[in-house]
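Participant: Quick one: the structure is below, and I'll ask about it shortly.
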Amino acid sequence: MAWVEETQMDYEAFALGAKILSGFFIEPPSLKRFELLKQQGLLQGWFITSPHFANTQGKELWEQSLRYDDSSEIAADFTHLFIADEEYLKAPPYASYYLESSGETFTQESDELSKLYASLNFTPTLYPHEPCDHLASELEFLALLLEQNIANPSPNALLLSFLEYRLTPWSNECLAYLQKNALTPFYQGVGYLTQDLLETLKESLGIKAQKRTIYRSIRVESQE
């Protein structure tokens with residue numbers, strides 16, 4: 001999908017992009033899946049294009065992944081980032097980690113999202129093992145909302161409010177951790193391409209993230 005200002009937005013392409021990226025936050029690609037990604041040309045030809053640095057950087061990193069990564073390294077990186085580490089997660093994928101003062105999971109943020117998902121009969125892939133504010137689940141839900149807008153001349157209020165209030169106020173914090181701490185070009189690329197998808201969506205829809213208190217930020221930690 002080429003970047004063209006003031007044209008009808010390609011909801012279908014954005015929905016597909018959100019689905020694909022969501023899957024990489026759910027589990028790392030297996031050896032078979034990684035080889036299929038290469039054969040399909042996804043790693044050397046990501047289909048969402050924009051003028052953002054994150055888009056160029058993400059594509060360059062996935063090009064490097066073709067040359068340098070293998071599936072076992074990517075799987076180890078997934079664990080390092082999102083599941084377990086000797087000290088702590090390197091890129092916590094939960095909204096509550098950034099938006100709740102306690103940093104705990106299964107809090108009000110995930111409860112409110114659970115109700116929102118239920119209102120549209122949506123069940124995240126990670127349910128019930130992970131809280132509903134996991135980035136993978138929010139990206140999955142975003143894909144659903146985008147698909148529902150494919151035939152609409154303008155975006156519906158739920159899509160706009162979900163992006164403005166739920167997803168974009170915290171996602172860049174998580175993605176900044178991912179970009180910095182990923183050990184493979186593959187997951188560094190996931191971080192940049194997810195950032196680009198969300199930024200391009202915001203610009204295309206003319207929205208801004210609502211101001212919410214962020215309790216944990218890699219930028220603050222870097223200054224300490």
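The values are calculated or read from the model by the stated rules, or taken from the named source; none is laboratory data. None of the values given here were measured: they were computed from a predicted structure. Note that we place each Cβ from the backbone using ideal geometry, even for glycine, and neighbour counts take in every protein chain shown. Remember, those area values only see protein heavy atoms, side chains included, never the ligands or the DNA or RNA. Shrake-Rupley method; radii C 1.70, N 1.55, O 1.52, S 1.80 Å.
Participant: How many residues does the stretch 137-154 contain that are modelled with pLDDT of 95 or more, of a type in the set (A, V, I, L, M) and either open to solvent by 10 Å² or more (accessible area, probe 1.4 Å) or more than 15 Å from SER22 (Cα to Cα) (or both)?
Facilitator: Residues in the stretch 137-154 being modelled with pLDDT of 95 or more, of a type in the set (A, V, I, L, M) and either open to solvent by 10 Å² or more (accessible area, probe 1.4 Å) or more than 15 Å from SER22 (Cα to Cα) (or both): 1 in total.
Participant: Please state which of the following conditions ARG67 fails to meet, knowing it meets all the rest: (1) within 26 Å of ARG216 (Cβ to Cβ); (2) assigned to a helix (DSSP H, G or I).
Facilitator: Result: ARG67 fails condition (1) only.
Participant: Return yes or no: is ILE83 under 30 Å from GLU35 (Cα atoms) and open to solvent by 60 Å² or more (accessible area, probe 1.4 Å)?
Facilitator: yes
Participant: Out of the residues in the stretch 87-106 that are touching a residue at least 12 places away in the same chain (Cβ under 8 Å) and over 19 Å from THR168 (Cα atoms), which is least open to solvent (accessible area, probe 1.4 Å)?
Facilitator: LYS90
Participant: Only one of (1) without any contact (Cβ under 8 Å) to a residue 40 or more places away in the chain; (2) open to solvent by 30 Å² or more (accessible area, probe 1.4 Å) is not met by CYS132, so which one is it?
Facilitator: Result: CYS132 fails condition (2) only.
Participant: Which pairs have Cβ atoms under 8 Å, sit 6 or more apart or on different chains, and link a residue in the stretch 156-182 that is under 13 Å from PHE82 (Cα atoms) to one that is surrounded by fewer than 23 Cβ atoms within 10 Å (Cβ to Cβ) and of a type in the set (A, V, I, L, M)?
Facilitator: TYR177/ILE218
Participant: Which residues, counting only those in the stretch 107-126, are open to solvent by 70 Å² or more (accessible area, probe 1.4 Å) and either modelled with pLDDT of 95 or more or touching a strand residue (DSSP E or B) at 6+ places or on another chain (Cβ under 9 Å) (or both)?
Facilitator: ASP111, LYS115, SER119, ASN121, THR123, THR125
Participant: Restricted to the stretch 178-196, and to residues that are open to solvent by 10 Å² or more (accessible area, probe 1.4 Å) and out of contact with any Phe, Trp or Tyr (no Cβ under 7 Å at 6 or more places or on another chain), which residue is farthest from GLN64 (Cα to Cα)?
Facilitator: Ranking the qualifying residues of the stretch 178-196, first place goes to GLN195.
Here's the yes/no breakdown for (1) within 20 Å of the chain's Cα centre (by Cα); (2) under 29 Å from TYR94 (Cβ atoms); (3) in contact (Cβ under 8 Å) with a residue 60 or more places away in the chain:
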residue	(1), (2), (3)
LEU16	yes, yes, yes
PHE25	yes, yes, yes
GLN40	no, no, no
ILE48	yes, yes, yes
THR56	yes, yes, no
ASP77	yes, yes, yes
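Participant: Given (1) within 16 Å of ASN181 (Cα to Cα); (2) in contact (Cβ under 8 Å) with a residue 24 or more places away in the chain; (3) of a type outside the set (Val, Ile, Thr), where does ALA84 come up short, assuming only one miss?
Facilitator: Every condition holds for ALA84 apart from (2).
Participant: Here is a further query. Does the stretch 206-221 include one or more residues that are surrounded by 15 or more Cβ atoms within 10 Å (Cβ to Cβ), modelled with pLDDT under 95, over 13 Å from the mean Cα position of the chain (by Cα) and part of a helix (DSSP H, G or I)?
Facilitator: There is at least one residue in the stretch 206-221 that is surrounded by 15 or more Cβ atoms within 10 Å (Cβ to Cβ), modelled with pLDDT under 95, over 13 Å from the mean Cα position of the chain (by Cα) and part of a helix (DSSP H, G or I).
Participant: State the number of residues belonging to the stretch 85-135 that are aromatic (Phe, Trp, Tyr) and either touching a Gly at 6+ places or on another chain (Cβ under 6 Å) or in a loop (DSSP other than H, G, I, E, B) (or both).
Facilitator: Qualifying residue count for the region: 5.
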